[in-house]
């Protein structure tokens, strides 16, 4: 549900004015997307009746709501605005603050360091929020090794009492609403069926909700994917998400596809190369490089055929691949030499074909005698009578 936001300020302008302090001191160190969000707020500040919402801002700049929230948090830390939330943690108001001259306080070096630190934190949040999307792109295993069942109210009540209701309270704050019996049953499945610790369950909800996904079926799909990849702790989850995201990014970059994310099928293929086939990233990237050098376009199926050939040949390192290349080159040279030799032999045989016949011998004396006898026989028979 789209929650309308109230936008106000402790100063009022009749036009969209951008402070020189912002341009001089805040803008140079900020992410471009963050600057767009701040200018968007300035634009609509004089119009309190404007339908302002996270979803609206996200649609305007082709971003996610998480991207918008990250920008707002950045400017809040920079002191340019204040965010207000209701009891459920939903953002309800954005208050713009007048930019301050940093030179009046700390040094310019300290300001630059602070800006870099804020940008690094924002980048870390980007990685974290993207990671859950990457995990969902992976195909959950067909057999999770567990059976989903409906837990009794007594079992659910016991689970909450053992935890003193702390986990349930945290999840409800994340979701912004009370949990239904079916929601509780799903969380119990994470704990009892998948063997997740309470810390991992909390981290699961934090990741999913921070990326804008509050649907319990979506969260369950992520949980099953983690279980299928033997994620048993928060550190495991962070590693899995980071590894998957980095692999997809590097493959797309090797293919020259820097302006988009991996599709579901592409992400599955990349993880098959790494997880199922067991190839290192340097082997995968080498296959991508050969694909581009050979057919001059990104083609996952062609790269797959290269990796399958290496797998069947037992090549697991770049040195193994170099040895295969050398053996292939040597075989090609031998084949070419054999072919040239065969052509040379056929050429010589064709050249000498008029000299390779059985020479005939004639006895001319005997031939003269045979001819004389034939003439004599013809004469003795006399001329033909009419």
*Which pairs have Cβ atoms under 6 Å, sit 6 or more apart or on different chains, and link a residue in the stretch 51-65 that is under 17 Å from residue 8 (Cα atoms) to one that is in a loop (DSSP other than H, G, I, E, B)?*
52/5; 53/2; 53/4; 53/5
_Yes or no: the stretch 107-119 includes at least one residue that is in contact with a strand residue (DSSP E or B) (Cβ under 9 Å, 6 or more places away or on another chain), surrounded by 15 or more Cβ atoms within 10 Å (Cβ to Cβ), modelled with pLDDT of 50 or more and over 23 Å from residue 244 (Cα atoms)._
no
*Positions within the stretch 242-261 being in a helix (DSSP H, G or I) and within 21 Å of residue 293 (Cα to Cα), in sequence order*: 247, 248, 249, 250, 251, 252, 253, 254
*Just a yes or no: is a residue in the stretch 49-58 more than 16 Å from residue 22 (Cβ to Cβ) and touching a strand residue (DSSP E or B) at 6+ places or on another chain (Cβ under 6 Å)?*
yes
*asked:* If a residue counts only when it is closer than 21 Å to residue 66 by Cα, which helices (runs of 4 or more DSSP H) contained entirely in the stretch 157-238 have at least 2 such residues?
replied: 166-175, 198-210, 216-228
*asked:* List the residue pairs whose Cβ atoms are under 6 Å apart, where the first residue sits in the stretch 171-199 and is in contact (Cβ under 8 Å) with a residue 60 or more places away in the chain, the second is buried (at least 18 other Cβ atoms within 10 Å of the Cβ) and part of a helix (DSSP H, G or I), and the two are 6 or more positions apart or on different chains.
replied: 174/205; 174/209
_Given (1) part of a helix (DSSP H, G or I); (2) surrounded by 11 or more Cβ atoms within 10 Å (Cβ to Cβ); (3) at pLDDT 90 or above, number of the condition residue 298 does not satisfy_ = (1)
*Residues being at pLDDT 85 or above and either surrounded by fewer than 11 Cβ atoms within 10 Å (Cβ to Cβ) or farther than 15 Å from residue 76 by Cα (or both): count how many of those fall in the stretch 9-31.*
8
*asked:* Please pick out the residue among 243, 214 that is surrounded by 13 or more Cβ atoms within 10 Å (Cβ to Cβ), modelled with pLDDT under 85, under 30 Å from the mean Cα position of the chain (by Cα) and under 21 Å from residue 275 (Cα atoms).
replied: 243
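The values are calculated or read from the model by the stated rules, or taken from the named source; none is laboratory data. Note that the structure is predicted; figures quoted are calculated from it, not measured. No Cβ is skipped: glycine too gets one built from the backbone with ideal geometry, and neighbour counts run over all protein chains shown.
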